[in-house]
Amino acid sequence: MRFATELMYVALGIATSIVMATGAAWAVPLARAEIWIIDYVAIAFIIGMGYPQMREAWMADRASDAAAEKAHSMKATRPK
């Protein structure tokens, strides 16, 4: 669940960047190529800055899933 949240934040950042670049390219048509180049760089930074948090969230989700599975298996094998 944490990974999905972090992925959503990165996706929202990329979408916001694209919307802003589209507006800027519309407003200044002579700088359209430069605006998109800068937007691609900004998207790369968004992904790069979000990667460590996504990796940490992925590991935390895997650890919590493993702990839940272990607790479930211990509960199922406990003698009555």
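The values are calculated or read from the model by the stated rules, or taken from the named source; none is laboratory data. As the structure is a computational prediction, the values presented were derived from the model and not from experiment. Backbone-built Cβ (ideal geometry, glycine too); neighbour counts: all protein chains shown. Calculation scope for accessible area: heavy atoms of the full protein, side chains included, ligands and nucleic acids excluded. Shrake-Rupley method; radii C 1.70, N 1.55, O 1.52, S 1.80 Å.
Once the Cα atoms are used to define both axes, helix 32-77 deviates from the longest principal axis of the chain by about 10 degrees. Of the residues 1, 8, ranked by 1.4 Å probe accessible area with the largest first, the sequence reads 1, 8.
Using only the C-alpha atoms, the convex hull of the stretch 1-48 corresponds to 41 Å³ per residue.
For the chain, the relative contact order is 43 percent, taking Cα pairs closer than 8 Å that sit 6 or more residues apart in sequence and dividing their mean separation by the residue count. For the chain, the fraction of 1.4 Å probe accessible surface lying on carbon and sulfur atoms is 72 percent. Rg ratio for the chain: its Cα radius of gyration over 2.2 N^0.38 Å, N being its residue count, equals 1.80.
Summing +1 for each Lys or Arg and -1 for each Asp or Glu among the other residues whose beta-carbon sits under 15 angstrom from that of residue 59 gives -1.
Using a 1.4 Å probe and counting only protein heavy atoms, arrange 46, 38 so the residue with the most accessible area comes first.
Descending accessible area places them as 38, 46.
Other residues whose C-beta falls under 13 angstrom from the C-beta of residue 46 contribute a net charge of -2, scoring Lys and Arg +1 and Asp and Glu -1.
Rounded to whole numbers, the Karplus 3J(HN,Hα) couplings from phi for the stretch 3-19 are 5, 4, 5, 5, 4, 5, 4, 5, 4, 5, x, 5, 4, 5, 4, 5, 4 Hz, using 6.51 cos²θ - 1.76 cosθ + 1.60 with θ = phi - 60°, and x at Gly and Pro.
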